[in-house]
Amino acid sequence: MSKKYIDIKKIKKRILLEKIAKALIVLFVAVIPSIPIWLMYLGLIAQAFSSKVTLGIIPNGFTLKNWRFLWSTIQMGLKKYPNIWPITINSLYLALGTALLVTFVAGLAGYALSRMEFRGRTKMMEFILALHAFPSIVLLIALFVLLNKLGLYGRGFITLTGVMITKAALEAPMGAWIMKGFFDNVPWDIEWAALVDGCNRLTAWRKVILPLVLPGFAAVAVFAFLAGWAEFIMAFTFIREDRWWPLSVMIYHVIGEYKFVDWGFLAALSLFYALPTIIFFVFSQKLLLRIYVGGVKG
Amino acid sequence: MVSVKLDKVSKYFGKVKAVDDVTLYIRDGEFVTLLGPSGCGKTTTLLMIAGIYKPTKGRIYFDDIDVTDIPPKDRNVGMVFQSYALYPHMTVYNNIAFPLKLKKLPKNEIDKKVREVAKLLKIDHLLDRKPSQLSGGQQQRVALARALVKEPDVLLLDEPLSNLDALLRVYMRAELKRLQKTLGITAIYVTHDQIEALSMSDRIVVMNNGRIQQTGTPDEIYSKPSNTFVASFIGTPPMNLIPCRVIDGKTLECLGFKYVFKDEIAEKILNEHKEVYFGIRPEDIVITNKDNGDAEATILVVEPIGKDLVITIQLEEEHTIKILAPPSINLKPGDKIYLKFKKEKIHLFDKKTGQRIEYIIKKGEE
């Protein structure tokens, strides 16, 4: 027998230890911190579907009473809340409009930032990043003055549209920045090939480059939609009539106006509000992760 | 089919002169190769001919038409890119049909042409696939089909073979040349691979630092390089350049040896130059005995490459040159050998300018 250089047992032991160490790290970094978050969601669901809840998460007696806002108008004390469906449509209008505007602007601007040479391009990109560092709340007073002067304050649908445009304007720069990254990944060769094949710059963009950056568009659209859906502060400040509230403002009023809070109603409404976010993520997760630009290699 | 003329074309990127004052005439139906190291401006030249870059200075003509300001889509050129640049979201069929669809040809005509060119390139069984499902060689054919389907006046090829494996490359070289001659199409081919250039081209344009170094047939480029750059770029291994001092009109004192031209060389010409490079290709050096030898040298490395041995030898101090020898020869590092230079294959270049010194050997000597 030759001398043993490899001690299989020792190596197996070491591999096992490494596995345990990795599992422990995952436990402490990812599992334990997420327990409270899961508990909160469980509590939310429990609250929404049961008549009585003990210790915050243990449901007691199934009921759909908390969801009555879906088919009737809610009245609490003197306050009568508006019907949920127009409010939902307001939120959808705000979110979809924002997504549409942002995608449109970001698609063109991202292409220009990525592909076109013009003076001050780098400065502009830095400026865009800097802009994004400011929260929209700092613009509130200026916007208020502006909308007031333009006569757009408290004008129902028009004000809602104004909020949407403002929101889109705030989201578009970051969208453009994201899209720039996607356009950067499309090789010049492919665009040049399209030009030689008979495209002009716009048709090359539309027929060849656009299909390659679709995942980017999906990402930007989803983020913009969620931003629009979550928009609260501007809608809260500028929209006066409850008929034109988005959902976020309605939830605020459920909590805010009375000392007495119907927790079941609030939980159900919040769950309802969170639904599109959940649905969007379930369906777009794959698309967001699958980025196939970069041409084909042999 | 057209002829292509570049008239004093330059392209600057900021302060970088990518292409500098290039004048070139490519005949109708000719296969011309732009050859040079990376960054020499050959691809930039090609992209200017395609219309993707606009020249900073100079004009480009297709036949007599000035196309300098015409966008690529109206030039009727076909182009194959190094990366093939296939559209990953389209099938092979749609990739090939794309230029025709943009021309708004009727559907049945598109179909006929696509199938024709696919058959010509033997990819007719792949039409339903996506580019990512193809091998490198197949992608290359699709790219070629897409370039040819619109029956371009000029075919531009940017290193189309460099991503293929060695075997396929040799095959495609012959295939491309055959195709070009059958179709009679004017082709401009960019490569850094001298073997491709020498084997495929009617004429080669050697470029370096954005400038044309030499234009000529493969034979001219190989046997009469116009300067030291061309001499040392072409040939594997490249030409040996040995620095020499001119003693008088006939004698050169080179590193490690003295070379005396008999009176064949015009004295006057050599007298005009003080220092020269003595250029000799590896295959033009013969190992001989002491009495016949022009120079003495020591062997450093012996590399068998199959057909031949590449032998690196030291002349003096640090200066090494390479020679080719038949594999039957039995040599090892450290051996002393004597070299004989084939007289009619000696090239001389001015050391300062690098330009070739033309001299004439009188016939009937020796």
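Provide the FRET efficiency to the nearest 0.05 for the B:Leu168-B:Arg129 pair, computing r from the beta carbons and using R0 = 25 Å.
For R0 = 25 Å, the calculated efficiency reads 0.85.
Would you look at the GNM of chain A, springs on alpha carbons closer than 10 Å, and say which of A:Lys65, A:Lys80, A:Lys12 moves the most?
Taking springs between Cα atoms under 10 Å, the residue moving most is A:Lys12.
Can you work out the FRET efficiency for the pair B:Ile247 and B:Glu175, with r the C-beta to C-beta distance and R0 = 56 Å, to the nearest 0.05?
Efficiency, from the Cβ-Cβ distance: 0.60.
Per residue of the protein assembly as shown, what 222 nm ellipticity follows from adding -39500 (n - 2.57) for every DSSP H run with n ≥ 4, rounded to the nearest 500?
Theoretical 222 nm ellipticity from helices: -13500 deg cm²/dmol.
Quote the charge dipole size of the range B:164-245 about the Cα centre in Debye, to the nearest 20; the model charges only the Cβ of Lys and Arg (+1) and of Asp and Glu (-1).
That gives a dipole near 160 debye.
Only helices at least 24 Å long along their axis, Cα-based, and averaging -1.0 or more on Kyte-Doolittle count here, so list those DSSP H runs from chain B.
B:166-183
Could you work out the mean count of beta carbons from other protein chains within 10 Å of each residue's beta carbon in B:67-77?
Other-chain Cβ atoms within 10 Å of each residue's Cβ, averaged: 3.
Once the Cβ-Cβ distance between B:Asp193 and A:Val26 is put in as r, and R0 is 45 Å, what FRET efficiency do you end up with, to the nearest 0.05?
Rounded to the nearest 0.05, the efficiency is 0.30.
So what is the orientation-averaged projected area of chain A, using the convex hull of its C-alpha atoms, in nm²?
27.3
Below 8 Å between Cα atoms, with a sequence gap of 6+, how large is the relative contact order for chain B in percent?
Once normalised by length, the contact order is 15 percent.
Show which aspartates and glutamates lie in cross-link reach of A:Lys65 when reach means a straight Cα distance below 18 angstrom and same-chain residues fewer than eight apart are skipped.
Output for A:Lys65: A:Asp262.
Towards the positive end of the charge dipole of the protein assembly as shown, with charges on Cβ (+1 Lys, Arg; -1 Asp, Glu), say which of A:Ala168, B:Leu183, A:Leu24 has the farthest Cα.
So the residue we want is A:Leu24.
Among B:Ala231, B:Thr312, B:Ile323, flag the residue with its Cα farthest along the positive direction of the charge dipole of the range B:226-366, charges on Cβ as +1 for Lys/Arg and -1 for Asp/Glu.
Selected residue: B:Ala231.
Students often check this: by mean Cβ neighbours within 10 Å, which of B:111-120, B:287-296 ranks highest, and how do the rest follow?
Result, highest mean first: B:111-120, B:287-296.
In debye to the nearest 20, how big a dipole does the range A:74-289 give about its Cα centre with +1 on each Lys and Arg Cβ and -1 on each Asp and Glu Cβ?
For the range A:74-289, the charge dipole is close to 380 debye.
Taking chain A as a Gaussian network, where each spring joins two C-alpha atoms under 10 Å apart, which residue of A:Ser50, A:Ser34, A:Ser248 fluctuates the most?
Most flexible of the set in this elastic network: A:Ser34.
For B:Gly58, enumerate residues with amide H under 5 Å from its amide H, sequence gap 5+ or separate chain, H modeled in the peptide plane.
Placed amide hydrogens put B:Ser10 under 5 Å from B:Gly58.
Rounded to the nearest Å, what's the spacing between the alpha carbon centres of the range A:223-279 and the range A:27-50? Just the number, please.
21
Under 18 Å between alpha carbons, and skipping anything fewer than 8 positions from A:Lys9 in its own chain: which aspartates and glutamates qualify?
A:Glu18
Under 13 Å from the Cβ of A:Gly154, count the other residues' Cβ atoms, weight Lys and Arg +1, Asp and Glu -1, and hand me the total.
+1
So for chain B: antiparallel DSSP bridges make up what percent, rounded to the nearest 5?
Here the share of antiparallel DSSP bridges comes out near 75 percent.
Are there cysteines in chain B with no other Cys C-beta under 4.7 Å, and if so, which?
B:Cys40
Measuring from a point 7 Å past the Cα of B:Lys8 along Cα-to-C-beta, which residues in the range B:63-89 have an amide N at less than 20 Å?
Residues B:63-70 fall inside that zone.
With a sphere of radius 11 Å drawn around the Cβ of A:Ala193, what net charge do the other residues whose Cβ falls strictly inside it have (Lys, Arg +1; Asp, Glu -1)?
Combined, the nearby Lys, Arg, Asp and Glu give -3.
Using +1 on the beta carbon of Lys and Arg, -1 on that of Asp and Glu, and nothing else charged, what's the dipole of chain B about the Cα centre, debye to 20?
1400
So which helices of chain A fit the span-like rule, where a helix is a whole DSSP H run, its Cα atoms reach 15 Å or more along the axis, and its mean Kyte-Doolittle is at least 0.0?
A:8-26, A:32-49, A:84-115, A:121-132, A:157-184, A:214-230, A:263-289
How about B:Lys307: which lysines have a C-alpha closer than 28 Å to its C-alpha, ignoring those fewer than 8 places off in the same chain?
Hits, sequence-local ones excluded: B:Lys177, B:Lys224, B:Lys290, B:Lys322, B:Lys332, B:Lys336, B:Lys340, B:Lys342, B:Lys343, B:Lys345.
Coordinate-derived values only; no laboratory data. What you see is a predicted model, and the numbers here were worked out from it, not measured in a lab. Every residue, glycine among them, receives a Cβ derived from its backbone with ideal geometry; neighbour counts consider all protein chains shown.
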